[in-house]
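Working notes, beginning with the structure itself.
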Amino acid sequence: MRRRMLIMLGAVIVVVLILAAFKYNAISRQIAQFQAPKPAVAVEAAEARLQTWQSQLRSIGTLRAVQGIDLTTEVAGTVSAVSFRSGQKVEKNQPLIVLDAAVEQANLATAEAELGLARAEYERGRSLLARQALSRSEFDRLEASLQKASASVEQLKASLAKKRILAPFSGTIGLRQVDLGDYLSAGTPIATLQDLSTLQVDFSLPEQQVPQVAVGQPVRLELAAYPGETFEGTITAINPKVDISTRNVQVRAELDNPDGRLLPGMFADLRVLLPIEAPRVVVPETAVSYSLYGDAVFVVVDKPAAAAQADADADADADAEQAASPAASDGLVLERRFVETGDRRDGLVVLTEGIEPGERVVVAGQLKLDNGTPVTLAETRTLDPRTPDTAE
């Protein structure tokens, strides 16, 4: 009986020792895993380049014609003739609309007849005055009658001229809004007339940027109607007053439109080109991480010698399974640097502080990275190699 108990106790001890060995082995593996270097992360990197950079001021505006009006009538009347087609190019003083003027012409004929009589009486009175056969007061009355009749004729001629609507300048006329026989009251719109040879664009800039702009500076416009194309213009006027509600100043630029492709009312994204050109450190915009604590980039640097030796020792102590894991990082780690950003344009951003030319910055996958993370450089796929970001 005692021997049987000793055998059972020995068996229990052996089982416990076996379980303890398995547990010790598992704990040793976990410790080795934590002590082993972190697996390297594949990242895409681009080189910070020193590039000649022209400063620009960005804004938005709306195109308008240098000369553009909505044609209306000053007097009421019935349309008796229409002398234009919608969308037609017209010349200055070309007749567009004629209103019925039969009544005015009849009144003009009556006024001209009265003018002729008043002129004859005035000439007769002047002859009599010279022979002292007419009093001076009667001659003054005849002179006043002549002036009144002449003024009546001129007034009727002016009213008659308003019955003919002429093009005030050369341009392109819009859609016709009246037809033959329509009765038009004063102020009725007829069509729009726009001179498309030269266009203006009005835009606003913050008051802090006013000292940087001047008449004659070039502007570059991009329009949604023509993606990928740019149009050149020149600043022609700066409003001498700042809007107190927005603290912006209005600026006007002009640009030629010889082919008539641009139309008034188009939205324009424009840039004022400043005369300042200087070398600046630029990186792709995707390299910058923005946060409340500041803007930062991850720079790919060589691993310090001490850290590299510690990783080598850890690899030597690791078992074969861990040694086979992707822990090699080609001796590269990440360093987070806070930077000061400047202008942004065409996928690039200027860094005024924190980065030197030639340093490599991570351009994709920053969310999974941290300071000191070992990395390997992967083939760049995020950026288009045709863009200035990667082209050298």
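Annotations for the structure displayed:
- Per this entry, residue 265 is not counted among residues that are in a loop (DSSP other than H, G, I, E, B), over 15 Å from the mean Cα position of the chain (by Cα) and not polar (S, T, N, Q).
- Of residues in region 89-113 being among the β-branched types (Val, Ile, Thr) and in a strand (DSSP E or B), the one farthest from residue 258 (Cα to Cα): 98
- Any hit, region 121-143, residues being at pLDDT 90 or above and either among the basic types (Lys, Arg) or in a loop (DSSP other than H, G, I, E, B) (or both): no
- Pairs are defined by a Cβ separation below 7 Å, a sequence spacing of at least 6 or placement on different chains, a first member in region 339-360 that is on the phi > 0 side of the Ramachandran plot, and a second member that is part of a loop (DSSP other than H, G, I, E, B) and crowded, with 17+ Cβ neighbours inside 10 Å; the pairs so defined are 347/389; 358/48.
- Neighbours by Cβ (under 7 Å, 6+ apart or cross-chain): first from region 254-277, without any contact (Cβ under 8 Å) to a residue 60 or more places away in the chain; second charged (D, E, K, R) and in a strand (DSSP E or B): 255/232
- Hits in region 79-88 - residues which are assigned to a strand (DSSP E or B) and surrounded by 14 or more Cβ atoms within 10 Å (Cβ to Cβ): 79, 80, 82
- Of all residues in region 52-78 being over 17 Å from residue 176 (Cβ atoms) and of a type in the set (S, T, N, Q), the one that is surrounded by the fewest Cβ atoms within 10 Å (Cβ to Cβ): 52
- The single condition from (1) farther than 30 Å from residue 338 by Cβ; (2) in contact (Cβ under 8 Å) with a residue 24 or more places away in the chain; (3) surrounded by fewer than 13 Cβ atoms within 10 Å (Cβ to Cβ) that residue 232 fails is (2).
- Restricting the first member to region 362-376 and to residues that are touching a residue at least 60 places away in the same chain (Cβ under 8 Å), and the second to residues that are charged (D, E, K, R) and part of a loop (DSSP other than H, G, I, E, B), the beta-carbon pairs closer than 6 Å and six or more apart or on different chains are 374/38; 376/330.
The values are calculated or read from the model by the stated rules, or taken from the named source; none is laboratory data. Because the structure is a prediction, the values reported are computed rather than measured. Virtual Cβ from ideal backbone geometry, glycine too; neighbours counted across all protein chains shown.
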